[in-house]
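Structure, as structure tokens:
The values are calculated or read from the model by the stated rules, or taken from the named source; none is laboratory data. Given the structure is predicted, the values throughout are model-derived calculations rather than measurements. Counting neighbours? That spans all protein chains shown, and the Cβs are built from the backbone with ideal geometry, glycine included. Quick note on the areas: whole protein, heavy atoms, side chains included, nothing else; ligands and nucleic acids left out. Shrake-Rupley method; radii C 1.70, N 1.55, O 1.52, S 1.80 Å.
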Amino acid sequence: MHKAKTGARRREFLGRGFAAAGIGIMAAHHAKIAAANGGLDGAPLEVPDWTRMLGSGVTASPYGVPSEYEKNVIRRNVPWLTVSEQASVSFTPLHELDGIITPSGLCFERHHGGVPTIDPEQHRLVIHGMVREPLIFTMADLVRFPSVSRIHFIECPANGGMEWKGAQMAGVQFSHGMVHCCEWTGVRLSTLLDEAGIQAGAKWILAEGADAAAMTRSIPIEKALDDIIVAYAQNGERIRPEQGYPLRLVVPGWEGNVQVKWLRRLKLGDKPWQHREETSKYTDLMPDGTARQFTFVQEANSVITAPCPEKPLKAKGFHEIRGIAWSGRGRITRVDVSFDGGANWQTAALQEPVLDKCLTRFRLPWRWQGEQAFLQSRAIDETGYVQPTIAGLRKMRGVNSVYHKNAVHTWRVNPNGSIDNVQIL
């Protein structure tokens, strides 16, 4: 049974929680300062070594890098997951991030033929097929068009796909780390299609990459004319090589595989091409033996990023439950959090900004006294779609799929503060 709360009671609860937490945190902070200085009255503040000398100059690092004390905040991979590094994946360290923008150097990677080294001066984008006038664009041509900048998440549809049959990955980086969120800048695909002219009867676009895998995906023309970006910049600079330099598609809210990197060709036709990545791969095997095809949209999902296996609880008392939610259907409108495996729910606060097809931060105060707990989060988007339980998802989809696993996730908090990945059926 779920406990319902009115909006007023919820705000009152959150207000009391944050106020009490603030008093407790400040009291502990002042006590630590006093202890470190032997009492504040008349005790001088110790001057640390780094204050006694000049630091490095402005040219020491022409391209900025993180602090050496953040050296463990990196992408990681699972060596046994694929047969080669050229067709593998790395995972975003979600537990180490704040806000909604993923730093470019921490965005997960998924390749099928390695990362090509492309000279932007020689790179070309071809638009042909069922168009009035086939066109070839240089990078210089593309940046002359009116630009757009939007913040969107990109998620591999296999995110979490290793856990259809049970909990497996000991960390949020590996259970949910095939997602990132960036500001993308480029030209609207609809603008380029206007230049080429769309012939009557054109219903699909084939996007092709310039990597060794020659990645291709079929995309409906309606989506192409809606919000797809032909992007050349990421987080204010040119796209990173592993993210598709010098050109990629950004297809907001849809599975990462259609967001073709190293984009070199767009062909218009009257039907999908039925290539490898949309027949033998990136389809969903159903319990009756059939396979769903072209399940483009990434459904509402969420996960608690603190605490998590990589961020155990080290002390009793106040903690803030923190996490991220996202939906390919639109904005996140609510995230509920449970401390008892879904028996009861409390509504978390959403952290601004809350944007369309974008990561959204949520938070909820919690006072932990050493008890066992089962932490879950449940996202709801603006269409009314509710993130399903793993039991509900298996009832519809079975356990033989790989893609589009967006079930409510469970972290078990142990009395010693350690966190385990578990599933509640």
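Each Lys or Arg adds one and each Asp or Glu subtracts one; over the other residues with Cβ under 12 Å from the Cβ of Arg412, this totals -3. If the segment from Ala60 to Asn416 were pulled out straight at 0.36 nm per residue, it would be longer than the present Cα-Cα gap by 123.8 nm.
The percentage of C-alpha pairs in the stretch 45-96 whose separation is greater than 12 Å is 78%. Determine the sum of side-chain charges near Arg264: Lys and Arg each +1, Asp and Glu each -1, restricted to other residues whose C-beta is under 12 angstrom from that of Arg264. Charge balance near Arg264 sits at +3.
Each of the chymotrypsin sites (Phe, Trp or Tyr not before Pro) that DSSP puts in a loop and that has at most 13 other Cβ atoms within 10 Å breaks the chain; the longest unbroken stretch is 81-425. With protein chains left intact and a 1.4 Å probe, residues in the chain average 48 Å² of accessible area per residue.
Pairs spanning more than 19 Å between alpha-carbon atoms, out of Lys223/Lys405; Lys311/Lys405; Lys203/Lys405; Lys71/Lys311; Lys267/Lys405: Lys223/Lys405; Lys311/Lys405; Lys203/Lys405; Lys267/Lys405.
Geometric descriptor of the stretch 205-248, per residue, is 68 Å³ (volume of the convex hull of the Cα atoms). Match the structure shown to one of the listed values (i) 20.1, 69; (ii) 21.5, 69; (iii) 24.1, 83 of Rg and Dmax of the Cα atoms in Å, computed from it, and give that label. Matching entry in (i) 20.1, 69; (ii) 21.5, 69; (iii) 24.1, 83: (iii).
Note on Lys281/Trp50: beta-carbon distance plugged into 1/(1 + (r/R0)^6) with R0 of 45 Å gives a FRET efficiency of 0.30. The fraction of accessible area contributed by carbon and sulfur in the chain is 54 percent, rounded to a whole number (1.4 Å probe; ligands and nucleic acids excluded). A helix-only calculation puts the chain at -4000 deg cm²/dmol for mean residue ellipticity at 222 nm, using -39500 (n - 2.57) for each DSSP H run of at least four residues, averaged over all residues. Taking a point 7 Å from the Cα of Ala200 along the Cα-to-Cβ direction, the residues of the stretch 116-143 with backbone N closer than 18 Å to it are 130-133. In units of the rule-of-thumb radius 2.2 N^0.38 Å, the stretch 134-193 shows an alpha carbon radius of gyration of 1.73. Considering only Thr383, Thr360, Thr347, the mean-square fluctuation computed in a Gaussian network model of the chain, springs between alpha carbons under 10 angstrom, is largest for Thr383.
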